[in-house]
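What follows is a single structure, written as structure tokens, with notes after it.
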Amino acid sequence: MNILGINAYHGNASAAIICDGQLVAAVEEERFNRVKYAAGFPAAAIRYCLKEAGITLAEVDHVAVPRNPYARLGTKLFYALRMPSFARERMRVLTKFTGIPEALAAAFDSDPAKLSASFHRVEHHQAHLASSYFVSPFDHAALLSADGLGDFASSMWGTGRGNQLEIDGSIAFPHSLGLYYSAVTQYLGFLKFGDEYKVMGLAAYGEPAHLETFRDIVRFNLNGGEFGFRLALKYFTHHRTGPEMSWPEADQTPVLGKLFSDAMPEKLGGPARRPEESLEQRHHDLAASLQARLEEVYLGMLKKLAAKTCAKAVCLAGGVAFNCVANGKIFEQTPFEQVYVHPAAGDAGLAVGAAYYVWHQRLGKPRSFEMKHAYWGPGYSTSEIRSAIAASAVSQGGFTITELPEEELMRRTASIIAEGKILGWYQGRAEWGPRALGNRSIVADPRRPEMKEILNERIKHREIFRPFAPSILAEKTGEWFAQSHPSPFMTLAYAVNPDKRDKIPAPTHVDGTGRLQTVTREANPRYHALIREFERQTGVPVVLNTSFNDNEPIVCRPEEALDCFLRTKMDALVLGDFLVTRT
Ligand SMILES: [Fe+2]
């Protein structure tokens, strides 16, 4: 049985296919159309998923769409009556959603009448919860989804037991932890969709000097009977103007309107920062306070959830679950002993979640799949890589290109990294979710403190305050970090052990933490072998890992990897078995 999940007309448009309960492929549309966070209809992603599964559109039995326009209809009508522009926007989205069968047929030049699949609507947050729990290793877990907004809710929680989710509660519009974080992110001068993670990185430079102010902006009573939180709405505008994001048809980049009201600058002690203005200590402290309040509320909700469910494990999804700093504190500050965060915890992951929701919750099928790695995107054969190299400027002189056997490739590559050179590392199938996890990565020496500046200046062209991540041999995690719980998808940040900080200064953030990826041989044998060889040569079982891109979606095809390599002047590139170096 084939189930196609589609996240459409929302940021991070994506598709996924599961066949007889096994995930076969999952990918974001941005990897194909090269527009970061692309919204719209993910036609290329769907085409890829069907091709990977070896099926045609006619062989899809069920289509799962993670949106239910009828969820919380009363609340929606209430706000639609108060905000005519919001009502028009909702109608536009609803029209698009009801047109998904037609859009699907059109993408395949097919007649909608010939589609035999059953269409299922799955509520946004139930799809988030499904995306995490149904692919986790757990048979019983507490579940929490938290994001900006989806189907008029911003959070949902419950329990996963066997092949069923039990929903216990939710927080409806306009109260939202995600929109709280987004509003202050905008106030701090970061205006692009998805900039929240920059502010999370900035927070480490400040002190939570304004925590009391933020406690007033987000109200939460840890000891009270009420589970959730409330926003002090006078500091926000979304409840008056409507929260929907928009995206121009031309480039499909999602845009969020202004979220904070005039009362916010007054409350935070000064005007909003313009993007071109420098960052002062005040901004660092505001970011630290924003983050500290998020952690109080998020971890407080998790504590209540642990008490309610008596579960030892928790599954997390929704954009807030990308807050690796907060996630890293779960073990110390809540009773949970195990955590699973879906690698595409944001809205891309809804495609997988909706498909598994249909498979388990609606069709009652037993659990048989665990997502142990994130390599569910497109891969390219050796002959395709060879052709891409032949067609690229690297074959026109100035470069040495060698095809090497595994062992020699690892030895040469690890020594290139150890010499302080910057390596493009392109292998196998692309990662699902926003993190490069050793198949579309730029890899560098973590021992060199100057590596961060070099990467930022030469390759990544991004803000200097943003940290780089360490990839570590999973079996060595406890020796180097304060926690040893797996973090295979780079969704948890742990303190680097004090005696190790000067050994890996480049991926250690200013607060002494690292957003680590724990690498097992089982999940990624070749990346594991590379780090092991780097350890053999240097004594350090860690490499610095950043995504293979330069202010664009992560490279997908080998041609894009070659272009990025040439454009950014990396020192060396490994594409499959081929090593390309500058001569
Ligand atoms: Fe969401």
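The values are calculated or read from the model by the stated rules, or taken from the named source; none is laboratory data. Keep in mind the model is a prediction, meaning the values are calculated, not measured. Note that we place each Cβ from the backbone using ideal geometry, even for glycine, and neighbour counts take in every protein chain shown. When the accessible area is computed, the model is the full protein with side chains, heavy atoms only, and any ligands, DNA or RNA have been set aside. Shrake-Rupley method; radii C 1.70, N 1.55, O 1.52, S 1.80 Å.
Does any residue of region 368-379 turn out to be away from the ligand (no atom under 16 Å from the Cβ), of a type in the set (D, E, K, R), out of contact with any strand residue (DSSP E or B) (no Cβ under 8 Å at 6 or more places or on another chain) and within 20 Å of Pro434 (Cα to Cα)? Yes, the conditions are met somewhere in region 368-379. Looking for something within 24 Å of Gly379 (Cα to Cα) and open to solvent by 20 Å² or more (accessible area, probe 1.4 Å) - is there at least one such residue anywhere in region 432-441? Looking for residues that are within 24 Å of Gly379 (Cα to Cα) and open to solvent by 20 Å² or more (accessible area, probe 1.4 Å), one finds at least one in region 432-441, hence yes. Search region 142-170 for residues being within 13 Å of the ligand (Cβ to nearest atom) and without any contact (Cβ under 8 Å) to a residue 60 or more places away in the chain, and hand back the single one that is most open to solvent (accessible area, probe 1.4 Å). Among residues in region 142-170 that are within 13 Å of the ligand (Cβ to nearest atom) and without any contact (Cβ under 8 Å) to a residue 60 or more places away in the chain, the one most open to solvent (accessible area, probe 1.4 Å) is Ser170.
Within region 15-40, the set of residues being part of a loop (DSSP other than H, G, I, E, B) and either out of contact with any Pro (no Cβ under 9 Å at 6 or more places or on another chain) or open to solvent by 10 Å² or more (accessible area, probe 1.4 Å) (or both) comprises Asp20, Glu29, Arg34, Val35, Lys36, Tyr37, Gly40.
Yes or no: Leu222 closer than 29 Å to Ile464 by Cβ and not in a strand (DSSP E or B)? When the stated conditions are applied, Leu222 does not pass them.
Only residues that are outside any helix (DSSP H, G or I) and either free of Cβ contacts under 8 Å to residues at least 60 places away in the same chain or open to solvent by 40 Å² or more (accessible area, probe 1.4 Å) (or both) were counted across region 519-548, and they come to 4. Among the residues in region 347-363, are any within 16 Å of the ligand (Cβ to nearest atom) and of a type in the set (Asp, Glu)? Yes, that holds for at least one residue. Can you tell me which residues in region 569-583 are in contact with a strand residue (DSSP E or B) (Cβ under 8 Å, 6 or more places away or on another chain) and in a loop (DSSP other than H, G, I, E, B)? Within region 569-583, Met570, Asp571, Gly576, Asp577, Thr583 qualify. A residue that is farther than 30 Å from Lys452 by Cβ and of a type in the set (Lys, Arg) cannot be found anywhere in region 198-213. Could you list, in sequence order, the residues of region 286-304 that are farther than 30 Å from Gly270 by Cα and buried (at least 24 other Cβ atoms within 10 Å of the Cβ)? Leu302 - this is the single residue of region 286-304 that is farther than 30 Å from Gly270 by Cα and buried (at least 24 other Cβ atoms within 10 Å of the Cβ). Looking only at region 122-141, residues that are of a type outside the set (A, V, I, L, M, F, W, C), buried (at least 18 other Cβ atoms within 10 Å of the Cβ) and more than 15 Å from the ligand (Cβ to nearest atom) come to 2 in all. Being within 16 Å of the ligand (Cβ to nearest atom) and not in a loop (DSSP other than H, G, I, E, B) is the filter here; which residues of region 1-14 pass it? Selection gives Gly5, Ile6, Asn7, Ser14.
Given the structure, is Ile464 surrounded by fewer than 23 Cβ atoms within 10 Å (Cβ to Cβ), among the β-branched types (Val, Ile, Thr) and part of a helix (DSSP H, G or I)? Spelling it out, it is not the case that Ile464 is surrounded by fewer than 23 Cβ atoms within 10 Å (Cβ to Cβ), among the β-branched types (Val, Ile, Thr) and part of a helix (DSSP H, G or I).
Inside region 362-375, residues that are open to solvent by less than 50 Å² (accessible area, probe 1.4 Å) and touching a Gly at 6+ places or on another chain (Cβ under 9 Å) make up a count of 3.
Just to be sure, is Glu52 open to solvent by 20 Å² or more (accessible area, probe 1.4 Å), of a type in the set (Asp, Glu) and touching a residue at least 12 places away in the same chain (Cβ under 8 Å)? It is true that Glu52 is open to solvent by 20 Å² or more (accessible area, probe 1.4 Å), of a type in the set (Asp, Glu) and touching a residue at least 12 places away in the same chain (Cβ under 8 Å). Of all residues in region 110-144, none satisfies the criterion of being within 15 Å of Ala351 (Cβ to Cβ), among the hydroxyl-bearing types (Ser, Thr, Tyr) and part of a strand (DSSP E or B). Within region 187-212, the residues that satisfy the criterion of being modelled with pLDDT under 95, open to solvent by 20 Å² or more (accessible area, probe 1.4 Å) and of a type outside the set (A, V, I, L, M, F, W, C) are Lys192, Glu196, Tyr197, Lys198. Candidates in region 221-248 are the residues that are crowded, with 19+ Cβ neighbours inside 10 Å and within 19 Å of Glu296 (Cα to Cα); of these, the one that is modelled with the lowest pLDDT is Gly228.
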